[in-house]
Ligand SMILES: Cc1cc2nc3c(=O)[nH]c(=O)nc-3n(C[C@H](O)[C@H](O)[C@H](O)COP(=O)(O)OP(=O)(O)OC[C@H]3O[C@@H](n4cnc5c(N)ncnc54)[C@H](O)[C@@H]3O)c2cc1C
């Protein structure tokens, strides 16, 4: 069996690894060097406890308030582009408690095996910096802490042991936090790792096991015969396979158009900044929850990550938002001084869906194309579980129950009979 994966981010590489380790002839293609997408920019958190979907009760009011501030952590670009408008309206329809809790539970089930799989990677020689110090959500404002409490039963039911700390009690977990904050929630079993090191190591293991990583290949055409995909093309290059998996991150919406079943996957841009040496020493990762900034301590550096911009498919850096990210810790940490000049920031585009959940499984309208994308803010947390479950299915196993909520058919059912745009047997 030969399988071609389009996209060499965390989703493509973890799947490539799973398939190569089962003896499949696998080739992972990327439009540029592998691992440069959102997967390199993230905060490095493995956080099932924070796996709630983005569409949440209260998001509409909050996003309308934030839209008018140029340095806010959430930005929705005013646009009349019908795809953007449709996406945002669909997302707002999912901002209710029932969908929120169902999505949270589905994510937690998919993430349940993450730590075991990461340990298995390590045992197989996939090496990366990793820390198991838990995750602290810190709240400057006690009201924001209270707002989180009613849904803590969801992570608790998965054994994640949330500990609620009111006021200065939060300093027992992280003494660097200022006195007078609202409090925090500590999740002791969460961990963080270096995603770039993990991808470098996954790439090495894939090739050691006989797989191929082919870079600077942007898929721009699909060759099909009815519902069967015969090959994908990049300019003059042609790649045949028995099965194709689309894991092109925020670009997956565009790529699925080539396959005749467009999925509503759009970018949610965020930024990361590495401060070296670290301006404060932390015991573990901290979510500055009111400011929506992730703080990740690594050996010799501190990574700050944040913002969610629903706008264009580009990696342009917005300096006002970067400045807000580097200022945010001032409110929370004793001894933190923001850099006097704006440090270099990198933009990454999270692959977002209107219901805040990934899209994993068979692409409607084809017999041998699959998708693994739309993991939004949780691509690192969910990649190991996604790829292990999907690999088994691609090799003929039954569809695992935990993948059922993520079926692509929930978005494409009405497109089932829509013909792909095609030029003499190929679609473009
Ligand atoms: C600021 C920030 C912080 C985050 N923090 C966390 C966190 O702490 N924990 C967590 O779990 N998640 C986090 N995430 C989310 C996570 O990073 C993403 O969900 C994940 O990286 C998505 O991986 P991917 O492989 O789907 O996409 P990507 O990493 O973007 O990879 C997609 C790849 O597809 C390639 N591609 C695109 N088009 C084509 C084409 N036509 N042909 C061939 N290749 C193509 C691209 O070049 C790219 O390499 C964060 C994201 C951001 C931006």
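The values are calculated or read from the model by the stated rules, or taken from the named source; none is laboratory data. The shown structure was predicted, so the numbers you read here are calculated from the model rather than taken from an experiment. Heads up, the Cβs are rebuilt from the backbone with ideal geometry, glycines too, and the neighbour counts pull from every protein chain shown.
Table for the structure above
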read-out: Wholly enclosed strands (runs of 3 or more DSSP E) of the stretch 154-206 bearing at least 3 residues under 17 Å from residue 129 (Cβ atoms) and in contact with a strand residue (DSSP E or B) (Cβ under 6 Å, 6 or more places away or on another chain); value: 191-193
read-out: Leading residue by the ranking (farthest from the ligand (Cβ to nearest atom)) among those in the stretch 279-289 that are buried (at least 17 other Cβ atoms within 10 Å of the Cβ) and within 20 Å of residue 337 (Cβ to Cβ); value: 280
read-out: Among residues of the stretch 232-268, those that are within 21 Å of residue 390 (Cα to Cα) and more than 13 Å from the ligand (Cβ to nearest atom), counted; value: 7
read-out: Residue in the stretch 182-192 that is nearest to the chain's Cα centre (by Cα), counting only those that are crowded, with 19+ Cβ neighbours inside 10 Å and within 16 Å of the ligand (Cβ to nearest atom); value: 192
read-out: Residue 290 within 23 Å of residue 83 (Cα to Cα), in a loop (DSSP other than H, G, I, E, B) and touching a residue at least 24 places away in the same chain (Cβ under 8 Å); value: no
read-out: Unmet criterion (only one of (1) buried (at least 16 other Cβ atoms within 10 Å of the Cβ); (2) on the phi > 0 side of the Ramachandran plot) for residue 311; value: (2)
read-out: Helices (runs of 4 or more DSSP H) wholly inside the stretch 1-105 that include at least 1 residues being surrounded by fewer than 24 Cβ atoms within 10 Å (Cβ to Cβ) and more than 16 Å from the ligand (Cβ to nearest atom); value: 10-21, 59-66, 82-93
read-out: Any hit, the stretch 122-134, residues being part of a helix (DSSP H, G or I) and under 19 Å from the mean Cα position of the chain (by Cα); value: no
read-out: Every residue from the stretch 120-140 that is more than 12 Å from residue 205 (Cβ to Cβ) and in contact with a helix residue (DSSP H, G or I) (Cβ under 8 Å, 6 or more places away or on another chain); value: 129, 130, 135, 136, 137, 138, 139, 140
read-out: Residue check, residue 145 more than 22 Å from the chain's Cα centre (by Cα), at pLDDT 95 or above and buried (at least 18 other Cβ atoms within 10 Å of the Cβ); value: yes
read-out: Subset of the stretch 393-414 [without any contact (Cβ under 8 Å) to a residue 40 or more places away in the chain and either touching a helix residue (DSSP H, G or I) at 6+ places or on another chain (Cβ under 8 Å) or assigned to a loop (DSSP other than H, G, I, E, B) (or both)]; value: 393, 396, 397, 398, 399, 400
read-out: Residues located in the stretch 207-217, provided they are in contact with a strand residue (DSSP E or B) (Cβ under 7 Å, 6 or more places away or on another chain) and crowded, with 17+ Cβ neighbours inside 10 Å; value: 211, 213, 217
read-out: Single residue of 229, 217 found to be under 19 Å from residue 19 (Cβ atoms) and either away from the ligand (no atom under 14 Å from the Cβ) or touching a helix residue (DSSP H, G or I) at 6+ places or on another chain (Cβ under 8 Å) (or both); value: 229
read-out: Selection status of residue 361, under 23 Å from residue 59 (Cα atoms) and touching a helix residue (DSSP H, G or I) at 6+ places or on another chain (Cβ under 9 Å); value: no
read-out: Where residue 296 falls short, out of the listed (1) within 14 Å of the ligand (Cβ to nearest atom); (2) part of a loop (DSSP other than H, G, I, E, B); value: (2)
read-out: Residue list for the stretch 220-238, restricted to those being under 27 Å from the mean Cα position of the chain (by Cα) and within 21 Å of residue 13 (Cβ to Cβ); value: 232, 234
